[in-house]
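A.B. asks: Structure in C-alpha cells, see below.
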Amino acid sequence: MSLKQQLSLTFALGLPTILANISAIVMQFIDAAMVGQLGADDSASVGLMGTTNWLFEGVLSAFAAGYAVQVAHLLGAKRQADARQVVRQSIVVCLTFSLLLAGLGLVLCKPLPVWLGAEAHIRANATIYFGTFMLFVPFFMLDIVASSMLRSSGNMRIPSALNILMCVLDVIFNFLLIFPTREISVLGHSMTMPGAGLGVMGAALGTACAGLVVAMLMMYYLVFKSSELRLTLDRGSFKPNYRTFHKAVGISAPMGLQHIMMCSASIVITGIVAPLGSIALAANSFGITAESLCYMSGYGIADASTTLIGQSLGAGRKRLTRSFAWITVLSGMVIMGFMAVLMYVFATELMGLMSPVPEVVELGARCLRVEAWAEPLFAAAIISYGVFAGAGYTLVPCGINLVSMWIVRLGLSAIMVRSMGLYGVWMAMAIELCFRGTVYLLWLSTKRWMRSVID
C-alpha cells in the first residue's frame, strides 16, 4: 500500500469513531449541565463515582478485547469461520463475567463513598448513582462485546452511529428523569414538560436505559447483519473453548490489571481531592469531562490502530504493520495538539457550559489550561497502547502505565496538593502524561511489540 492509501484507510476507520466520541462528549457536556443545575453537592456525588464507573467499564472492555484481538488476527488471516466461532464463545464468557462484576459492584456501592473520603451529605446520592449503574452492567457488556467485534472486522460505521444514538437517548432520558414536571417556554409559548424528578438517580437511569437500547441494537447487527461475523452464516457452538479462553486471558489480563491499577490510582486521586470540598470535587469532575473533548479523538484513532495492526499482523505483513503504527500515532498527536489549543483558549467557556457556580468555573479553567500542554504526548500514549493491543502485546504497556500512574502521578499529586490544591493535582497529571507518552514513543521505536501474533 502507498502512503496515501495507508493514510486514507487510517482516517476512513478512525473518523467515524472520532465523530462518535466527540458527539459523546457533547452529550456529556449536556449531561453535566443538567446535573449541574441541581447544585454543587449533587454534581460532586456524581463526579465522586465517575472514576469508579470508568474502572468497571474498563475491566469489561479489557476482558472483551482478549477475544476481539483474536478475531482481528483471524480475519486478517482469512479465517472467517474461526473468527465467528470466537465471537460465539466471547458472548457467553463475557456475559458471565459481567454478572460477577455487577454483583461485586452492588456489594461495594454503599461503603465506597466512605472509603473515598466523601463528605457525609453527598454519600447517599453517590451510593444511589453507583448502585443503579451496576444493575445495568450486563447490558453494557453486550454493547462492548458487539462493538469491539464489529470494529475488529473494520466496521467502524455501525458502532459509531449507534454510540451517537446512545448519547442522544441519554440526554432525552435524563431530561425526563432528572427534573420534575415543570413549565418551560418554547419560542415564546409556555408548555408543561413531564418529568420524574429523580435527581441523581435519574441521571444514572438515563444513562443505563440508553445503554440498554443500544446494546440490543448492537447485538442484533452483529448476530444477523455483519457481512463477515454474523452468526447466521454457519452453525457453531457457544461452549467456551479452553485454548481460545487461554489466549483471551493472556491478552486481556495485563490490560485489565493495568486498567484496574490505573483507575484505582485515579480513585486514590479522587480521595485526595475530596477533602478539598464540593467546589474542588465538582471542578475536578467537570474538568475531566471538558478534557475528554480533547482526548476522545485520540481514542478514535487508537481504535482504528488496533484494527489495522491486528489484521496486518494476522496477514503476516510486518512492514505494513510498522508503517500503520507510526501513521496512527503521529496523526493522533497532531489532532490532539490542535484540540488542546482550542481547549486552552476556550477553557472558561467549556467549564461555564457545565456549571453556573463561578468558583467551579474559575478553578476548572485553570486546571484545563495546564493540562493542555500535555495533550500531544497523551495522544502518543493512547494510540501506542492501541497499537500494542492490536498486536496482542499487552504486558509491557501494563508495566509502563502502572509505573507512570502510581509512582509519577500519585507521588507528585500527594506532594503538590498540599501547597497548590486541585491545581497542583492537575499539574502533576500533566507532568505524568508527558513522561508516559515519551516512554511509549521510545518503546514503539523498537520491534519487540510485533512478536506477539496469534497462531
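A.B. asks: Could you pull out the pairs from LYS110/LYS239; LYS239/LYS318; LYS4/LYS225; LYS78/LYS247 whose alpha carbons sit more than 26 Å apart here?
C.D. replies: LYS110/LYS239; LYS239/LYS318; LYS4/LYS225
A.B. asks: For SER190 and ARG319, calculate 0.36 nm times their separation in residues minus their Cα-Cα distance, and state this gained length in nm to one decimal.
C.D. replies: Length gained between SER190 and ARG319: 40.0 nm.
A.B. asks: Could you tell me which of ILE288, ALA414, LEU75 has its Cα farthest along the dipole of segment 3-451 towards the positive end, charges placed at Cβ (Lys, Arg +1; Asp, Glu -1), taken about the Cα centre?
C.D. replies: Highest projection toward the positive end goes to LEU75.
A.B. asks: Further, regarding this structure: Provide the gained length on full extension for the span PHE245 to GLN5, in nm with one decimal, where the gain is 0.36 nm per separating residue minus the Cα-Cα distance.
C.D. replies: Gain on stretching PHE245 to GLN5: 82.9 nm.
A.B. asks: Related question: Apply 1/(1 + (r/R0)^6) to the Cβ-Cβ distance of PHE175 and VAL341, taking R0 = 45 Å, and write down the FRET efficiency to the nearest 0.05.
C.D. replies: According to the calculation, E is roughly 0.90.
A.B. asks: Also, I was wondering about something else. Whole-Hz Karplus ³J(HN,Hα) for segment 373-386, in order, using 6.51 cos²θ - 1.76 cosθ + 1.60 and θ = phi - 60°, x for Gly and Pro?
C.D. replies: 5, 9, 4, x, 6, 4, 4, 4, 5, 4, 7, 4, 4, x
A.B. asks: Find, among the chymotrypsin sites (Phe, Trp or Tyr not before Pro) in segment 113-174, those assigned to loop by DSSP (not H, G, I, E, B) with at most 15 other beta-carbon atoms within 10 angstrom.
C.D. replies: Here no loop site has a sparse enough neighbourhood.
A.B. asks: Further question: How many nm separate the modelled label positions at ARG448 and VAL168, each set 7 Å beyond the Cα in the direction of the Cβ?
C.D. replies: 4.7
A.B. asks: Please compute the length gained on full extension between LEU276 and GLU183, using 0.36 nm multiplied by the number of residues separating them and subtracting their Cα-Cα distance.
C.D. replies: 29.8 nm
A.B. asks: For the residue pair MET216 and THR438, what label-to-label distance in nm results when each label sits 7 Å from Cα along the Cα-to-beta-carbon direction?
C.D. replies: Modelled inter-label distance: 5.2 nm.
A.B. asks: May I ask for the distance between the Cα centers of segment 50-67 and segment 253-302, given as a whole number of Å?
C.D. replies: Taking the Cα centre of segment 253-302 as reference, the centre of segment 50-67 is 14 Å away.
A.B. asks: Roughly how far apart, in whole Å, are the Cα centres of segment 117-144 and segment 354-392?
C.D. replies: Centre-to-centre distance over Cα atoms comes out at 24 Å.
A.B. asks: If each DSSP helix of 4+ residues adds -39,500 (n - 2.57) and the sum is divided by the residues in the chain, what number results at 222 nm, nearest 500 deg cm²/dmol?
C.D. replies: Result for the chain, helices only: -28000 deg cm²/dmol.
A.B. asks: Find which of TRP443, GLY314, ALA124 sits farthest along the positive direction of the dipole of segment 3-451, computed with +1 on the beta-carbon of Lys and Arg, -1 on that of Asp and Glu, about the Cα centre.
C.D. replies: Ranked along the dipole, the leading option is GLY314.
A.B. asks: Looking at segment 212-293, which trypsin sites (Lys or Arg not before Pro) are in a loop (DSSP not H, G, I, E or B) and have at most 14 other Cβ atoms within 10 Å?
C.D. replies: Within segment 212-293, the qualifying trypsin sites (Lys or Arg not before Pro) (loop, at most 14 other Cβ atoms within 10 Å) are LYS225, ARG235.
A.B. asks: If we count other beta carbons within 10 Å of each Cβ, what is the order of ASP170, ASP234, fewest first?
C.D. replies: Final ranking by Cβ density, sparse to dense: ASP234, ASP170.
Any read-out appearing in this document is the output of simple, stated calculations on the displayed coordinates, not a laboratory observation. This structure is a prediction, so every number in the text was calculated from the model and none was measured. Heads up, the Cβs are rebuilt from the backbone with ideal geometry, glycines too, and the neighbour counts pull from every protein chain shown.
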